[in-house]
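Enquirer: Below you will find the structure I want to go over with you.
The values are calculated or read from the model by the stated rules, or taken from the named source; none is laboratory data. What you are looking at is a predicted structure, and each value in this text was computed from that prediction instead of being measured. Here the Cβ positions follow ideal geometry from the backbone for every residue, glycine too, while neighbour counts run over all protein chains shown. What goes into the accessible areas is simple: the full protein's heavy atoms, side chains included, and nothing from ligands, DNA or RNA. Shrake-Rupley method; radii C 1.70, N 1.55, O 1.52, S 1.80 Å.
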Amino acid sequence: MPEPDLEEMMDASTEAVPNFALHLIVDDVDRSITWYEEALGATVTRILRLPDESIATADLDVHGLPVAMAAPVPGTALASPSSSGNSVAAYRLRVQDADAAMRQALAAGAAVSAEVHDAFWGVRTGEVLDPSGHRWAFDQHVHDVPVEEIESRLAELVSGP
């Protein structure tokens, strides 16, 4: 039997539901909501509660990117980066001012993962860890860089001195 085509499997019947969203496992949903609002300018779009009034899932909008978050589920492999010791991705946001975005995230309680700097691929960028250990980078376009130049710099990095 042939493998199903991913595009055919995607449901485009509801315009309000995007084709891509993040679902993050966080240590403390309430604290994370506050951090995402203060650090990233997120807005809460929905909160689903369990019978004990704890939050099952919180849905946020981070500058047009839907982000859902929930606490770890006991008995499953779902864990936050800080509880598992692994961060498997860095989420990158395009911003007008990387330095200002970094200051805002740090003021909200983020930890610096990479200081703001001018990167060879044409962005000013810095990276933080949110309270649960998820990596968020702030990318400010500075100038266009030809692909050949980026590849040359990458080759230098991997080959060493």
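Enquirer: With respect to ALA77, determine if the residue is touching a strand residue (DSSP E or B) at 6+ places or on another chain (Cβ under 8 Å) and either modelled with pLDDT under 95 or within 21 Å of ALA108 (Cα to Cα) (or both). Step through it out loud before you land on a result.
Expert: On the way: touching a strand residue (DSSP E or B) at 6+ places or on another chain (Cβ under 8 Å): no; either modelled with pLDDT under 95 or within 21 Å of ALA108 (Cα to Cα) (or both): yes.
No: the conditions fail for ALA77.
Enquirer: For the stretch 38-57, name all the residues that are open to solvent by 60 Å² or more (accessible area, probe 1.4 Å) and out of contact with any strand residue (DSSP E or B) (no Cβ under 7 Å at 6 or more places or on another chain).
Expert: Scanning the stretch 38-57 gives GLU38, PRO51, ASP52, GLU53.
Enquirer: Only residues that are out of contact with any Ser or Thr (no Cβ under 7 Å at 6 or more places or on another chain) and of a type in the set (Ser, Thr, Tyr): list them for the stretch 74-119, please.
Expert: If the condition is that a residue be out of contact with any Ser or Thr (no Cβ under 7 Å at 6 or more places or on another chain) and of a type in the set (Ser, Thr, Tyr), then THR76, SER83, SER84, SER87, TYR91, SER113 are the ones that fit.
Enquirer: I've got another one for you. So how many residues does the stretch 121-134 have that are farther than 13 Å from ALA39 by Cβ and open to solvent by 40 Å² or more (accessible area, probe 1.4 Å)?
Expert: Initially, the stretch 121-134 is screened for residues farther than 13 Å from ALA39 by Cβ, giving 121-125, 133.
Filter once more, so that each one left must be open to solvent by 40 Å² or more (accessible area, probe 1.4 Å): 121, 124.
The number of residues fulfilling the criteria is 2.
Enquirer: Give the stretch 58-87 a look and list any residue that's touching a helix residue (DSSP H, G or I) at 6+ places or on another chain (Cβ under 7 Å) and either farther than 16 Å from SER32 by Cα or surrounded by fewer than 10 Cβ atoms within 10 Å (Cβ to Cβ) (or both), or say none.
Expert: The one that is touching a helix residue (DSSP H, G or I) at 6+ places or on another chain (Cβ under 7 Å) and either farther than 16 Å from SER32 by Cα or surrounded by fewer than 10 Cβ atoms within 10 Å (Cβ to Cβ) (or both): SER87.
Enquirer: Condition test on PRO161, is it more than 22 Å from LEU22 (Cα to Cα) and at pLDDT below 95?
Expert: On the way: more than 22 Å from LEU22 (Cα to Cα): yes; at pLDDT below 95: yes.
Judged against the criteria, PRO161 is a match.
Enquirer: Just the residues that are free of Cβ contacts under 8 Å to residues at least 60 places away in the same chain, within 13 Å of the chain's Cα centre (by Cα) and open to solvent by less than 50 Å² (accessible area, probe 1.4 Å), please, taken from the stretch 88-110.
Expert: Scanning the stretch 88-110 gives ALA89, ALA90, LEU93.
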